[in-house]
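Visitor: Sharing a structure with you now.
The values are calculated or read from the model by the stated rules, or taken from the named source; none is laboratory data. Only a predicted model underlies this, so the values are computations on that prediction, with no experimental measurement involved. Because the Cβ atoms are built from the backbone with ideal geometry, glycine has one as well, and the counts that use them run over all protein chains shown.
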Amino acid sequence: MKVHRNKAIFGHIFLFVPEKLVIIPTYKERENIEKMLLAVMALEGDFHVLVVDDSSPDGTADIVKACMRDFPERMFILERAAKDGLGRAYISGFHWALDRGYAYIFEMDADFSHNPNDLIALYNACVAGADMSIGSRYVNGVNVVNWPMGRVLMSYFASVYVRFITGLKIQDTTAGFVCYRYKVLEKIPLDKVRFKGYAFQIEMKFTAWKYGFKLVEVPIIFTDRSEGESKMSRGIFKEALFGVMQIKMKSWFRKYN
Ligand SMILES: Nc1nc2c(ncn2[C@@H]2O[C@H](COP(=O)(O)OP(=O)(O)OP(=O)(O)O)[C@@H](O)[C@H]2O)c(=O)[nH]1
Ligand SMILES: [Mg+2]
């Protein structure tokens, strides 16, 4: 059942339609997920969580389901049959969130690179007028902890490159810590989004910007994962490198209205 936002606003008053949903995609996050879920549950402001797990072979989903017993109204899981990339996981999560009428929909990694306490700052930025707020590593210098210098430089210059090609006026174009207002995800044709990794993050920001939505960066400190293994791959990097040009070229033939 699709709950339209105007109905949802009505619902806030009469039916208590929930407001904030944090989507956390997981693949093999056994070491992190329980701690992360509890950190979000402990925040002020009744955040809900949807974990989108791609059948992690390490039992991540079982840990989530055990936690869900303690928070049946605020914690949910969407299980997908196979590992299919973070972009696709988010798209399924977005549909789930739109169907339920959440007003603010967040993206966040499971590995504590994003500090769950910063969800509140992202939320506040949207309440203050942003349509999409972005937890940004590069808005006040470079705020990345524990990444090797090579990876910091690569990520920083990737952002410079993306700005150059796309014209997007965002410092951290590949950021994956985001809050969308409902209307942004409702507007973007989600089934046309086809990238899976960093290019997915770029495409979402670029498309939101092209539709005229207001993007605001919120400074955050990003910390490298200390538990679990990295899923960063050459494929994801290549997708971003060439994907940016595709995103730009496709925009010449696309109408944003
Ligand atoms: N559902 C799903 N989640 C994924 C997939 N790939 C990565 N993730 C999750 O997406 C988030 C970001 O992935 P990371 O592996 O942390 O990627 P990264 O931050 O670029 O690199 P590292 O922190 O070095 O691993 C984490 O919560 C992952 O568990 C996937 O194919 N499917
Ligand atoms: Mg990570």
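Visitor: Please pick out the residue among Gly101, Gly135, Gly129 that is buried (at least 23 other Cβ atoms within 10 Å of the Cβ), away from ligand 1 (no atom under 15 Å from the Cβ), in contact (Cβ under 8 Å) with a residue 24 or more places away in the chain and not polar (S, T, N, Q).
Guide: Answer to the selection: Gly101.
Visitor: Could you list, in sequence order, all residues of the stretch 121-144 that are polar (S, T, N, Q) and part of a loop (DSSP other than H, G, I, E, B)?
Guide: Residues satisfying the conditions are Asn140, Asn143.
Visitor: Please determine, by comparing only the residues of the stretch 160-199 that are in a loop (DSSP other than H, G, I, E, B) and among the aromatic types (Phe, Trp, Tyr), which one is farthest from Asp54 (Cα to Cα).
Guide: Out of the qualifying residues, it is Phe177.
Visitor: Which one is surrounded by the most Cβ atoms within 10 Å (Cβ to Cβ) among residues in the stretch 17-45 that are away from ligand 1 (no atom under 14 Å from the Cβ) and of a type in the set (A, V, I, L, M, F, W, C)?
Guide: Per the criteria, the residue is Leu21.
Visitor: Kindly indicate whether any position in the stretch 97-104 is assigned to a helix (DSSP H, G or I), in contact with a helix residue (DSSP H, G or I) (Cβ under 9 Å, 6 or more places away or on another chain) and either of a type in the set (Gly, Ala, Ser) or at pLDDT below 95 (or both).
Guide: The answer is yes; a qualifying residue exists.
Visitor: Looking at (1) touching a Phe, Trp or Tyr at 6+ places or on another chain (Cβ under 8 Å); (2) within 16 Å of ligand 2 (Cβ to nearest atom); (3) of a type in the set (Phe, Trp, Tyr), which one does Phe112 not meet, given that it meets all the others?
Guide: (1)
Visitor: Only one of Lys231, Lys214 is of a type in the set (D, E, K, R) and within 16 Å of ligand 1 (Cβ to nearest atom). Can you tell me which?
Guide: After applying the criteria, what remains is Lys231.
Visitor: Now for a different question. Give all pairs with beta carbons closer than 6 Å in which a residue from the stretch 50-75 that is free of Cβ contacts under 8 Å to residues at least 24 places away in the same chain meets a residue that is basic (Lys, Arg) and assigned to a loop (DSSP other than H, G, I, E, B); count only pairs at least 6 apart in sequence or on separate chains.
Guide: Hits for this filter: zero, empty list.
Visitor: Of the residues Asp70, Asp118, Asp46, Asp84, which single one is part of a helix (DSSP H, G or I) and either out of contact with any Ser or Thr (no Cβ under 6 Å at 6 or more places or on another chain) or not aromatic (Phe, Trp, Tyr) (or both)?
Guide: Matching residue, one of Asp70, Asp118, Asp46, Asp84: Asp118.
Visitor: Of everything in the stretch 194-253 that's among the aliphatic types (A, V, I, L, M) and exposed (fewer than 15 other Cβ atoms within 10 Å of the Cβ), which residue is farthest from ligand 2 (Cβ to nearest atom)?
Guide: So the residue we want is Met249.
Visitor: Quick one: what pairs do we get from the stretch 141-157, first residue within 17 Å of Ile170 (Cβ to Cβ) and touching a residue at least 60 places away in the same chain (Cβ under 8 Å), second of a type in the set (Gly, Ala, Ser) and part of a helix (DSSP H, G or I), C-beta under 6 Å, 6+ apart or different chains?
Guide: none
Visitor: Oh, and also: Answer with yes or no whether Val139 is closer than 17 Å to Gln201 by Cβ and in contact with a Ser or Thr (Cβ under 9 Å, 6 or more places away or on another chain).
Guide: No, not satisfied.
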